[in-house]
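Working notes, structure below.
The values are calculated or read from the model by the stated rules, or taken from the named source; none is laboratory data. Predicted, not measured: the structure shown is a model, and the values here were computed from it. Please note: Cβ atoms are built from the backbone with ideal geometry, for glycine as well, and neighbour counts cover all protein chains shown.
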Amino acid sequence: MNLINDTNGVSRVEGVALSAIAERFGTPCYVYSRAALTAAYASYRSALAGHNARICYAVKANSNVAILNLFARLGAGFDIVSGGELARVIAAGGDPAKVVFSGVAKSRAEMQQALTAGIHCFNVESASELEQLNTVAGEMGKRAPVALRVNPNVDPKTHPYISTGLKTAKFGVAFDTARELYRGAQALPNLEIRGIACHIGSQLLDPQPAADAAGKVLELVDSLAAEGIALEHIDLGGGMGIRYRDEVVLPTADYLAPMLTRLAGRREMLYFEPGRSLVGNAGLLLTRVEVLKHGEEKNFAIVDAAMNDLARPALYDAWHEIVKVGAGGTAPAGTPRESGTAKTENARQSQYEIVGPICESGDFLGHDRNLALAEGDLLAILSAGAYGMAMSSNYNSRPRAAEVMVDGEQMHLIRRREEVAQLFALESVLP
Ligand SMILES: *Cc1c(COP(=O)(O)O)cnc(C)c1O
């Protein structure tokens, strides 16, 4: 699904021209499509039809409350990794009873917060966390619902930084010791064993590793049942990849099929924790070309977005498609647009380094992009809905971008652009 549609030289998301969004809210600006978010969720729902399954959106991919609220309205649960994310889910109208809490080291305060809210389950990742949770729950006169996140040791064949299910990863508990830990958990009075979880990595394209992981998890589930430890749910994590460039991405149903084949007829409820695949292709980062700089070896298009807005290129050397935004006017298709803000009449076709204004050589958004550009042009950096705004920072004292959700012909500001004064409002000088 293409997020942008171009008609008569005007680039739109749903029914709204991107140039109109830039004019009204400025740049850099994240733009999301309600229809695209809804369609991504629906693809999971229909792929899971006939299964007793819950979709827990992984909040860390994009935690804007409007997005959380949209998924909550669609019936989603949430996968959180911090007390901050839990607070967001609740503020957005999410149901705590559909929340699973992942993460390698939850603080006591986070445990208390989640127990008070009444979440569905803690995905526990170590023996000491089990004990800590047992203590905290006991102090509160509660029983903490738990699942163990096991590490099935399968290679997800993805980027090493986003591969989490190998033996060398800091995540999960080793498969061989999981059984032992379940026995231990059963003996702790303030814990209630609910399920099992695994998550092997992110941006997964091949469905086989996830299916293999599910197979291994099932073996463990059955052997636990044989010794009287019955689980209510099996959480298969997230990780399905999206198309950034030319990746071959299976439709959701086809990606899940090999896994679901193994899970057919199980009595346990199935949980999924997709993040990227629900939001990634439903968002873009809108930015304006500030300066074109034609150097001896390289040509630079310096734009008003930077690595603080979208860290993935600098962090993972990730590739995002970058397209010029058509703003319309009377020019026939194919000729450079004219715009009140463009400083030059004629765009210059070149191989450009698309870079931000930050003082780091790593501050790039794309290398060697063949584009016809003039200063003042708008660009859209695609597939930026996941791990875009969520990973943004204020590096170089740059206020974070605005966020806008398009819904049909409407545009809604879902996060105001930060103001500079807010950036140091919490700081103070010495007396
Ligand atoms: C990050 C994460 C997810 C979501 O991963 P995506 O690749 O965005 O789908 C799900 N579960 C856990 C435990 C995670 O850490």
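The residue that is nearest to Arg149 (Cα to Cα), counting only those in the stretch 172-211 that are at pLDDT 95 or above and acidic (Asp, Glu), is Glu192.
So which of Val303, Val325 is within 24 Å of Leu423 (Cα to Cα) and assigned by TED's automatic domain parsing to the domain that holds Glu418?
Val303
Check the stretch 202-210 and report whether any residue there is away from the ligand (no atom under 11 Å from the Cβ) and over 27 Å from Ala178 (Cβ atoms). Yes, that holds for at least one residue. Among the residues of the stretch 350-368, those identified as in contact (Cβ under 8 Å) with a residue 24 or more places away in the chain, surrounded by fewer than 20 Cβ atoms within 10 Å (Cβ to Cβ) and either on the phi > 0 side of the Ramachandran plot or not in a loop (DSSP other than H, G, I, E, B) (or both) are Ser350, Gln351, Glu353, Phe364.
A single entry from Ala35, Ala22, Ala40 fulfils the requirement of being modelled with pLDDT of 95 or more, surrounded by fewer than 21 Cβ atoms within 10 Å (Cβ to Cβ) and either outside any loop (DSSP other than H, G, I, E, B) or in contact with a helix residue (DSSP H, G or I) (Cβ under 7 Å, 6 or more places away or on another chain) (or both): Ala35.
The residues of the stretch 35-63 that are over 20 Å from Ile119 (Cβ atoms), away from the ligand (no atom under 15 Å from the Cβ) and not aliphatic (A, V, I, L, M), listed by number, are Thr38, Arg45, Ser46, Gly50, His51.
Look at (1) at pLDDT 95 or above; (2) more than 16 Å from the ligand (Cβ to nearest atom) and you find that Glu296 fails only one, number (1). Whether a residue is acidic (Asp, Glu), within 25 Å of Ser393 (Cβ to Cβ) and out of contact with any Gly (no Cβ under 6 Å at 6 or more places or on another chain) was assessed, and Glu23 does not pass this test. Cys56 falls short on exactly one of the conditions (1) farther than 29 Å from Leu286 by Cβ; (2) within 15 Å of the chain's Cα centre (by Cα); (3) in a helix (DSSP H, G or I), and that condition is (3).
Let's see how each residue does on (1) out of contact with any Asp or Glu (no Cβ under 9 Å at 6 or more places or on another chain); (2) among the hydrophobic types (A, V, I, L, M, F, W, C):
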{"residue": "Val291", "(1), (2)": "no, yes"}
{"residue": "Asn299", "(1), (2)": "no, no"}
{"residue": "Val303", "(1), (2)": "no, yes"}
{"residue": "Tyr316", "(1), (2)": "yes, no"}
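In summary, helices (runs of 4 or more DSSP H) completely within the stretch 65-159 and bearing 3 or more residues that are in contact (Cβ under 8 Å) with a residue 60 or more places away in the chain and surrounded by 16 or more Cβ atoms within 10 Å (Cβ to Cβ) occur at 65-73.
Beta carbons closer than 6 Å, at least 6 apart along the sequence or on distinct chains, pair a first residue in the stretch 266-279 that is under 24 Å from Ala36 (Cβ atoms) and in contact (Cβ under 8 Å) with a residue 60 or more places away in the chain with a second that is near the ligand (Cβ under 8 Å from one of its atoms) and in a helix (DSSP H, G or I) for Gly275/Ala61; Arg276/Ala61; Val279/Ala61. Does Ile414 fit the bill of being at pLDDT 95 or above, over 18 Å from Met307 (Cα atoms), in the same structural domain as Pro313 (by TED's automatic domain parsing) and within 20 Å of the chain's Cα centre (by Cα)? Yes, satisfied. Which members of the stretch 231-240 meet the condition of being more than 16 Å from the ligand (Cβ to nearest atom) and of a type outside the set (A, V, I, L, M)? Answer for the stretch 231-240, where residues must be more than 16 Å from the ligand (Cβ to nearest atom) and of a type outside the set (A, V, I, L, M): just Glu232. For the stretch 266-287, filtering for residues that are among the hydroxyl-bearing types (Ser, Thr, Tyr) and within 16 Å of the ligand (Cβ to nearest atom) leaves 2. Of all positions in the stretch 387-394, at least one carries a residue that is within 16 Å of the ligand (Cβ to nearest atom), assigned to a loop (DSSP other than H, G, I, E, B) and under 17 Å from Asn62 (Cα atoms).
Residues in the stretch 216-228 that are away from the ligand (no atom under 16 Å from the Cβ) and buried (at least 16 other Cβ atoms within 10 Å of the Cβ): 5 in all.
Scanning the stretch 90-142 for residues that are of a type in the set (Asp, Glu) and farther than 15 Å from Ala76 by Cβ turns up Glu110, Glu125, Glu129, Glu131, Glu139. Residue pairs whose Cβ atoms lie under 7 Å apart, separated by 6 or more positions or on different chains, with the first residue in the stretch 241-265 and within 16 Å of the ligand (Cβ to nearest atom) and the second aromatic (Phe, Trp, Tyr), are Tyr244/Trp319; Thr252/Tyr44. Do the conditions hold for Gly84, that is, is it within 16 Å of the ligand (Cβ to nearest atom) and more than 21 Å from Gln203 (Cα to Cα)? So Gly84 fits the description; yes. Checked against the criterion of being polar (S, T, N, Q), modelled with pLDDT of 95 or more and either within 16 Å of the ligand (Cβ to nearest atom) or part of a strand (DSSP E or B) (or both), the candidates Ser428, Ser383 yield just one match: Ser383.
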